[in-house]
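Below is one structure, written out as structure tokens; comments come after it.
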Amino acid sequence: MTNLKYKRIILKISGEALAGDQGFGIYPPVISSIAKQIKDAHDLGVEIAIVCGGGNIWRGKTGAELGMERAQADYMGMMATVMNALSLQDALEQIGVPTRVQTSVEMRQIAEPYIRRKAIRHLEKGRVVIFAGGTGNPYFSTDTTSVLRAAEIGADVILMAKNDVDGVYSADPNKDQTAVKYEELTHLDVINKQLGVMDTTASSLSMDNNITLVVFNMNQEGNIKKVIEGENIGTTIKGENK
Ligand code: UDP
């Protein structure tokens, strides 16, 4: 525990990461391998909270573009994040990691409601807490949720897990050969350069609350552990005064 760079983390997992190569829905073998990585990190003694996305099932914006009312479509997106959270909980518990799911929208039969103090207590007791349902409000994202929860529970860092992208680049490395990877950025850089790491609501909330973020590739085994142990992988994004 003493050698860890971070003691309490938020891991943001996008819905896409849970879909595997099929690109849609939930693919249990991929979730099992993510769970294994989380277990390895958990075994180090770090407190882990997870924020799940839902884009592998439904995105509110897509529904709105197809003619739905945005708020209604966003509520469907929040439900999608709950499905992902339950699948992750299942995979973690199957390998012996104690977990609790907390939802921002009450669903008492299947999960606890989000209660900040209770979430902190679970973390202190060594349980992995999975935050589902986003912020509980339409027009927001699960990236914003991860920043909000990080500020609320006093997390040291947000680990923003990406699929096959090992950090933040000046341009899309698949399309532009001159693209360079940034080792370190500030949230203001991300906003000014329009780097698209997160939506601007999430970036500005991070900036205002001095939240540190590490963008890294989760598809490489052992990377979660490496970040927690302080290895310099991915891109670190900090507030101006950190
Ligand atoms: N969502 C929402 N409010 C929130 C978080 C999420 O309305 O606070 C909805 C929104 O429709 C979003 C969907 O849930 O498109 C899935 O979340 P997100 O797109 O952030 O998932 P990811 O891209 O990380 O898979």
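Checking each residue in region 189-242 for being touching a residue at least 24 places away in the same chain (Cβ under 8 Å), open to solvent by 30 Å² or more (accessible area, probe 1.4 Å) and in contact with a Gly (Cβ under 9 Å, 6 or more places away or on another chain) picks out MET207, ASN209, ASN210, ILE233.
For region 139-159, indicate whether the set of residues that are over 23 Å from GLN89 (Cα atoms), more than 17 Å from the chain's Cα centre (by Cα) and within 16 Å of the ligand (Cβ to nearest atom) is non-empty. The answer is yes; a qualifying residue exists.
Within region 44-80, restricting attention to residues that are under 23 Å from ARG117 (Cα atoms) and more than 7 Å from the ligand (Cβ to nearest atom), the residue that is surrounded by the fewest Cβ atoms within 10 Å (Cβ to Cβ) is GLY45. Against the condition under 21 Å from GLU16 (Cβ atoms) and either of a type in the set (Lys, Arg) or more than 17 Å from the chain's Cα centre (by Cα) (or both), how does ASP176 come out, does it pass? Here the answer is no, as ASP176 does not meet what is asked. Among the numbered conditions (1) more than 26 Å from GLN37 (Cβ to Cβ); (2) in contact (Cβ under 8 Å) with a residue 40 or more places away in the chain, the only one that MET76 does not meet is (2). Annotation: of all residues in region 15-43 being over 15 Å from ILE224 (Cα atoms) and open to solvent by less than 30 Å² (accessible area, probe 1.4 Å), the one that is nearest to the ligand (Cβ to nearest atom) is GLY15. Among the residues of region 122-146, which ones are out of contact with any Lys or Arg (no Cβ under 9 Å at 6 or more places or on another chain) and not polar (S, T, N, Q)? Within region 122-146, GLU124, LYS125, GLY126, ALA132, GLY133, GLY134, GLY136, PHE140 meet the criteria.
The values are calculated or read from the model by the stated rules, or taken from the named source; none is laboratory data. Bear in mind that the values here come from a model prediction, so they are computed numbers and not experimental data. Every residue, glycine among them, receives a Cβ derived from its backbone with ideal geometry; neighbour counts consider all protein chains shown. Heavy atoms of the whole protein, side chains included, go into the accessibility calculation; ligands, DNA and RNA do not. Shrake-Rupley method; radii C 1.70, N 1.55, O 1.52, S 1.80 Å.
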